[in-house]
Amino acid sequence: MNPTQRRFFQQLAQIQEACVQRALACPGREEDRLYQVSYEMTAGILELIDGYSPFSSDRYDLVNTVTGERLKERPFLELHDHLEEFLR
């Protein structure tokens, strides 16, 4: 694993830990906490890719290796801005 890959996975681990700790601290039904932690983890990953993560100032891009299309282009968008449209 190269240093960039290692750093990316370490940042994912930090996001996961923060999300799990927040979910454990919240009272409520288990189902609600599972939705909360999965939403927050997904948001954290998308913020990491977009370059808005508190765990990193890096920016990433996702490319479909079959078509060459970039996920964040045509039109340009920040992935984390559209999460609420699809997840609860």
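The values are calculated or read from the model by the stated rules, or taken from the named source; none is laboratory data. Small disclaimer: the values here were computed from a predicted structure and weren't measured. Side chains included, ligands, DNA and RNA excluded: accessible areas come from the protein's heavy atoms. Shrake-Rupley method; radii C 1.70, N 1.55, O 1.52, S 1.80 Å.
Between amide H atoms placed 1.01 Å from N, distances below 5 Å from residue 72 occur with 62, all of them 5 or more places distant or on a separate chain.
Shown for the chain: the carbon plus sulfur share of the solvent-accessible area, taken with all protein chains present and a 1.4 angstrom probe, equals 55%.
The structure shown yields Rg and Dmax of the Cα atoms in Å, and of the options [x] 14.7, 53; [y] 14.7, 45; [z] 19.9, 64 that calculated value carries the label [y]. Considering only 13, 43, 23, the Gaussian network model of the chain with Cα springs below 10 Å gives its largest mean-square fluctuation to 13. Normalised by the number of residues in the stretch 35-88, the mean separation of alpha-carbon contacts (under 8 Å, six or more apart) gives a relative contact order of 32 percent. The figure for residue 57 is an accessible area of roughly 110 square angstrom, using a 1.4 Å probe on the protein chains alone. To the nearest ten degrees, helix 3-25 and the longest principal axis of the Cα atoms of the chain are 20 degrees apart. Helix 30-50 and the long axis of the chain differ in direction by around 30°, with both axes built from C-alpha atoms. Where only DSSP H runs of four or more residues are counted, the chain gives -17500 deg cm²/dmol as its mean residue ellipticity at 222 nm, each run worth -39500 (n - 2.57). Accessible surface area normalised per residue over the chain is 74 Å², counting heavy atoms of protein chains with a 1.4 Å rolling probe.
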